[in-house]
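Asker: Mind having a look at this structure? Questions to follow.
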Amino acid sequence: MKILYGVQATGNGHISRARAMGKYLAKAGVQVDYLFSGRAADQLFDMQQFGDYQVKRGLTFVTEAGKVNYWQTLLQASVKTLWQDIKMLDCSSYDLVLTDFEPITAHAAKQQNKRSVALGHQYAFLHKIPMEHANLVTHLMFRHFAPAQIQLGLHWHHFNQPILPPIIDEEPDEEHDAEHASKEANRVLVYLPFEDQQQVIGLLKPLTEFQFSLYGPGLAKATIGHINTHPPALHAFKADLARCSHVLSNAGFELISEALQLQKHIMVKPLRGQMEQQSNALALQQLKLASRTDSLSTGAIAKWLNEKQQYGTVNYPNVASAICNWLLQDIPDEISELSKTLWR
């Protein structure tokens, strides 16, 4: 089997999901060509696993100081380039196009009537799940941004809908094995890539009883007292995630999924103006899995770090392996059956 795998590269979560899926597709002997869009090639890191991958401009949302800037998003979008990339992408040699909310591969497959499967958290929003600030525009975006013949939505709970649990890498490398890492009670992983990083450092400085590992764009590897700053990285980030006790992040899906699986104490600050993140924060509240704050302050962070509240725990199955096996079936089972099996 030969698959074209399109990955939305604006967030590291989509890429993390592709890393997990890629391992099982490779084990099954599937030939996979990867296409990433939404981020410049020089901003991607630790991409060796994906071989000779393609990078296209695609579409992305521009964020400033923790809020989506829709005006800059429109100004920087190049619909002409997107349309040209869709028209020029030849899907004829592939048995399947797999898209993780990536529009070029999705629309090319649709135009060429190629078998296509969409995989990702965004497709859960096509079902009745907790939503905040949903409207016609957000509904149309989730339905038409990166469409496919079959959609596999992912979420932290099934909400009595035919959606699947999160995809989490079940095979950490030996050097950074999360299961054998010693958890440190006062260590906090901070990942707020859409916020002003210097402002975040300023908020963390008074909290000297905790050790912070702060990852974000534009940061250099440095130590500022009890705060260790890091540029985006894969293995170092995974190692800090494994040994921390607390995770402070925006309300993206993949990192929170990994943190939940590792039973971390979590607080999310959803990206303002981004319905998906706000809905994620709402779902975490309803499921009693994490804390939420809509504005960052030293006081809010300190209150969360010192609280004794107990949250629910999860134990997700190996979803990547199950989806890989499902994709390779001659006649795949109904999504509802796959969903029931995995949530069982």
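The values are calculated or read from the model by the stated rules, or taken from the named source; none is laboratory data. Just so you know, these numbers come straight off a predicted model, no measurement behind them. A quick note on method: Cβ atoms are made from the backbone with ideal geometry, for glycine too, and the neighbour counts reach across all protein chains shown. Surface accessibility is based on the protein's heavy atoms, side chains included, excluding ligands, DNA and RNA. Shrake-Rupley method; radii C 1.70, N 1.55, O 1.52, S 1.80 Å.
Asker: Counting only residues that are under 19 Å from the mean Cα position of the chain (by Cα) and not aliphatic (A, V, I, L, M), how many does segment 292-327 have?
Answerer: Number satisfying all stated conditions: 7.
Asker: Pull out all pairs, ordered by first then second residue, where Cβ-Cβ is under 7 Å, the residues are six or more apart or on different chains, the first lies in segment 94-106 and is modelled with pLDDT of 95 or more, and the second is charged (D, E, K, R) and in a strand (DSSP E or B).
Answerer: Tyr94/Lys2; Asp95/Lys2; Ile104/Lys56
Asker: To continue, here is another question. Taking into account only those residues within segment 1-15 that are among the small types (Gly, Ala, Ser) and modelled with pLDDT under 95, which is farthest from the chain's Cα centre (by Cα)? Give the derivation first.
Answerer: Step one: list which residues in segment 1-15 are among the small types (Gly, Ala, Ser), which gives 6, 9, 11, 13.
Filter again for modelled with pLDDT under 95, leaving 9, 11, 13.
On the way: Ala9: 10, Gly11: 6, Gly13: 2 Å.
Here the answer is Ala9.
Asker: From the list Gln197, Gln161, Gln151, pick out the single residue that is surrounded by fewer than 19 Cβ atoms within 10 Å (Cβ to Cβ), at pLDDT 95 or above and closer than 30 Å to Ser339 by Cβ.
Answerer: Exactly one of Gln197, Gln161, Gln151 is surrounded by fewer than 19 Cβ atoms within 10 Å (Cβ to Cβ), at pLDDT 95 or above and closer than 30 Å to Ser339 by Cβ, namely Gln161.
Residues checked against (1) in a helix (DSSP H, G or I); (2) surrounded by 20 or more Cβ atoms within 10 Å (Cβ to Cβ):
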| position | (1), (2) |
| --- | --- |
| Asp90 | no, no |
| His107 | yes, yes |
| Lys110 | yes, no |
| Val137 | yes, no |
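Asker: Being of a type in the set (Ser, Thr, Tyr) and assigned to a loop (DSSP other than H, G, I, E, B): is that true of Tyr123 here?
Answerer: Criteria not met by Tyr123.
The rows are residues; the columns are (1) touching a Ser or Thr at 6+ places or on another chain (Cβ under 6 Å); (2) surrounded by 15 or more Cβ atoms within 10 Å (Cβ to Cβ); (3) among the charged types (D, E, K, R).
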site: Glu209; (1), (2), (3): no, no, yes
site: His230; (1), (2), (3): no, yes, no
site: Gln274; (1), (2), (3): no, yes, no
site: Ala300; (1), (2), (3): yes, yes, no
site: Leu305; (1), (2), (3): no, yes, no
site: Gln309; (1), (2), (3): no, no, no
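Asker: Any idea which of (1) surrounded by fewer than 22 Cβ atoms within 10 Å (Cβ to Cβ); (2) in a helix (DSSP H, G or I); (3) among the β-branched types (Val, Ile, Thr) is the one Ile15 doesn't satisfy?
Answerer: It is condition (1) that Ile15 fails.
Asker: Okay, moving on. If only one of Ile266, Ile331 is open to solvent by less than 50 Å² (accessible area, probe 1.4 Å) and not in a helix (DSSP H, G or I), which one is it?
Answerer: Working: Ile331 fails: open to solvent by less than 50 Å² (accessible area, probe 1.4 Å).
From the options Ile266, Ile331, the qualifying one is Ile266.
Asker: Here's a check for you: in segment 23-40, which residue that is among the hydrophobic types (A, V, I, L, M, F, W, C) and part of a strand (DSSP E or B) is surrounded by the fewest Cβ atoms within 10 Å (Cβ to Cβ)?
Answerer: Val32
Asker: Within the bounds of segment 244-261, is there any residue that is open to solvent by less than 20 Å² (accessible area, probe 1.4 Å), closer than 15 Å to Pro166 by Cβ and aromatic (Phe, Trp, Tyr)?
Answerer: Within segment 244-261, one or more residues are open to solvent by less than 20 Å² (accessible area, probe 1.4 Å), closer than 15 Å to Pro166 by Cβ and aromatic (Phe, Trp, Tyr).
Asker: Another question about this same structure. Go through segment 287-298 and give me each residue that's surrounded by 13 or more Cβ atoms within 10 Å (Cβ to Cβ), out of contact with any Phe, Trp or Tyr (no Cβ under 8 Å at 6 or more places or on another chain) and not aliphatic (A, V, I, L, M).
Answerer: Matches in segment 287-298: Arg292, Thr298.
Asker: Continuing with this model, one more query. Any idea which residue in segment 76-88 is farthest from Leu25 (Cα to Cα), counting only those that are open to solvent by 30 Å² or more (accessible area, probe 1.4 Å) and at pLDDT below 90? Break it down stepwise before answering.
Answerer: Initial filter on segment 76-88 (open to solvent by 30 Å² or more (accessible area, probe 1.4 Å)): 76-77, 79-81, 83-84, 87-88.
Of the ones still in play, those that are also at pLDDT below 90 are 76-77, 79-81.
Details: Gln76: 35, Ala77: 33, Val79: 32, Lys80: 33, Thr81: 30 Å.
Ranking the qualifying residues of segment 76-88, first place goes to Gln76.
Asker: While we're looking at this one, here's another question. Residues Glu258, Glu276: which one is outside any strand (DSSP E or B) and closer than 27 Å to Leu136 by Cβ?
Answerer: Glu276
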